[in-house]
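Please read the structure below before turning to the comments.
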Amino acid sequence: MNIAAVDYDGLIPNNVGLGQDVRVKRALEKWHPGYINWWKDMGPEGFQESLVYLRTAVSVDPKGWAKFDYVRMPEYRWGVLLAPQHEGRKIPFGTHKGEDAWQEVPGEYRAMLRRLVVIQGDTEPASVEQQRHLGKTAPSLYDMRNLFQVNVEEGRHLWAMVYLLQKYFGTDGREEAEALLERRSGDPDTPRMLGAFNEKTPDWLSFFMFTYFTDRDGKMQLEALAQSGFDPLSRTCRFMLTEEAHHMFVGETGVTRVVQRTCEAMKQAGIDDPYDIARVRKLGVIDLPTIQKKANLHFSLTLDLFGNEISTNAANAFHAGLKGRFREDRLKDDHQLESGTYPVLRLIDGQIKNEDAPALSALNMRLRDDYVADCNVGVGRWNKVIADLGIPFEIKLPHVAFHRHIGEFSRTNVDVDGNILSPAEWTERRTAYLPSESDKDFIESLMQPQFQPAKFASWIAPPKVGIDNKPGDFEYVKIADA
Ligand SMILES: [Fe+2]
Ligand SMILES: [Fe+2]
């Protein structure tokens, strides 16, 4: 028997032997109708009956686990899929380093572990809620399909976390699983747990920036949790990472195609100056300075997800062996960090300075630094497109202290280069760094749906290749009449 294969016979596809685990199977079947109601209420608006060309996991084998087919989203086979167990796996870091990985929740860390699972779980339905209106303005059927693929997989990530809650956390796990369906992104009374997941995703450039920057935070968190000494969490996150890669592909290539289209249109019209914004916008494309502002916004909102510069929670989770560092297994040190230090940017006497902090307390910043480095790789690719088309412009990530709402820098105003501004200067320059109302209006004016196969809205270039190697005129979504 292939242990990587997924059992599709029951209501809930799985590779965790749910058929033999009656208690958990019942608990999940009981949770299922609430999930479907949530999906119909808060999932993609207006396209629940449409046939979408989606991939579904049929195996957790790293090679080719996806099967593509047309499916109505509410009938998507959401399931519980864990990466294969590594026989004899040890806890890779913290005070229990070298002991056998836990197959059951260690009693002393139960509350901390549940909190980690709930926080991760809460982000998954949140992004579906944030993106629910975007189908109606999709710039192509190709993009619409990618949006829906991301959405159903975020739904599956919720299932992944709910499985852990139901299987390992008893009554409180069940209550947390219910609460995950009750909170709503942006709702003042019952908001999602983290700030960036209560922001709006009002247009497609925001969607691409969100999947580039914010899903990448998801990747970093999953990488850190994939190291966990609690083996079921590690295995869950390892499989989620294979899905997450697609979300970041959607973001990176989405922005690339926007940038490419802008530069091509400028070239064709003989416009060399990227700051000649009025003329560029007349071409029906998004000017590069506005793309930069959107990047500034989404990057800074996402940095807040890494939490405080100095964090005892992060230290405790590492010490306990629950949440590691980015690719802990490839790092060469003692994996306990009881003595080392790590340089952290801080606000000291009104100035931004590097200060050595105990390595354990600085783990949030270490993960954030790894994140920034990861972000810069794709930004470099965007800049190559711009340079190849001969436009003098470079997209740059803003300083990490810019536009922050969490941590030390939330107490001050900082420009994109890291200079501290007075409140008056900030108010005056804010719209030079972040999208203004008129920028938002302009982008919104471009969000005209393009639902013909092979056609794309004016502001975005077609992709280089189709999904599942489909030809350019493939009908990725068969839209049902409302
Ligand atoms: Fe996710
Ligand atoms: Fe994601």
Practice task
Counting only C-alpha contacts under 8 Å and six or more residues apart, can you give the relative contact order of region 18-75 as a whole percent?
Solution key: 28
Handout entry: Compactness relative to 2.2 N^0.38 Å, alpha carbon Rg of region 143-226
Key = 1.21
Completion exercise
Of 464-476, 38-50, 447-459, ordering from highest average Cβ density within 10 Å down gives 38-50, 447-459, 464-476
Fill in the blank from the handout: Net charge near ASN313 (other residues with Cβ under 10 Å of its Cβ; Lys, Arg +1; Asp, Glu -1) is +2
Problem - Unit charges at the beta carbon, dipole of region 1-40: most positive-side option, PRO13, LEU28, TRP38 - result: TRP38
Completion exercise
For the chain, the helices passing both cut-offs (Cα extent along own axis of 18 Å or more, Kyte-Doolittle mean at least -1.0, full DSSP H runs) are 22-42, 110-130, 141-168, 170-182, 231-269, 288-303, 363-388
Fill in the blank from the handout: Neighbours of THR256 by Cβ distance under 10 Å: Lys/Arg at +1, Asp/Glu at -1, summed charge +4
Handout entry: Computed [θ] at 222 nm, helices only, for the chain once each DSSP H run of length n ≥ 4 contributes -39500 (n - 2.57)
Key = -15000 deg cm²/dmol
Handout entry: Protein-only accessible surface order, largest first, of HIS403, HIS157, HIS319, HIS86 at 1.4 Å
Key = HIS86, HIS319, HIS403, HIS157
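Based on the alpha-carbon gyration tensor of region 1-115 and its eigenvalue square roots a ≥ b ≥ c, which shape applies: rounded if a/c is under 1.5, prolate if not and a/b is larger than b/c, or oblate? The partial results should precede the final answer.
Values: a/c = 2.16, a/b = 1.63, b/c = 1.32.
Note, shape of region 1-115 comes out prolate.
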Handout entry: Cut-off 12 Å between beta-carbons: net charge of the residues surrounding GLU175, Lys and Arg +1, Asp and Glu -1
Key = -2
Fill in the blank from the handout: Where a ≥ b ≥ c are root eigenvalues of the Cα gyration tensor, a/c under 1.5 meaning rounded, otherwise prolate if a/b exceeds b/c and oblate otherwise, region 192-263 counts as oblate
Exercise for the section: Show which lysines lie in cross-link reach of LYS167 when reach means a straight Cα distance below 16 angstrom and same-chain residues fewer than eight apart are skipped. Expected result: LYS25, LYS30
Fill in the blank from the handout: Charge dipole of the chain built from unit charges on the beta carbon (Lys, Arg +1; Asp, Glu -1), centred at mean Cα; most positive-end Cα among PRO453, VAL416, HIS246 is PRO453
Fill in the blank from the handout: With every protein chain kept in place and a 1.4 Å probe, region 99-186 has an accessible area per residue in Å² of 29
Handout entry: Relative contact order (%) - region 211-345, alpha-carbon pairs under 8 angstrom, separation at least six
Key = 35
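Let me have the relative contact order for the chain, percent, based on Cα pairs under 8 Å that are six or more residues apart.
Result for the chain is 19 percent.
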Handout entry: region 280-366: GluC sites (Glu not before Pro) falling in loop per DSSP and having at most 14 other Cβ within 10 Å
Key = GLU338
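Can you give me the Rg/Rh ratio for the chain, using Cα atoms for both radii and the Kirkwood formula for Rh?
Radius of gyration over Kirkwood radius for the chain works out to 0.97.
The values are calculated or read from the model by the stated rules, or taken from the named source; none is laboratory data. Quick caveat: nothing in here was measured; it's all calculated off a predicted structure. Counting neighbours? That spans all protein chains shown, and the Cβs are built from the backbone with ideal geometry, glycine included. Heavy atoms of the whole protein, side chains included, go into the accessibility calculation; ligands, DNA and RNA do not. Shrake-Rupley method; radii C 1.70, N 1.55, O 1.52, S 1.80 Å.
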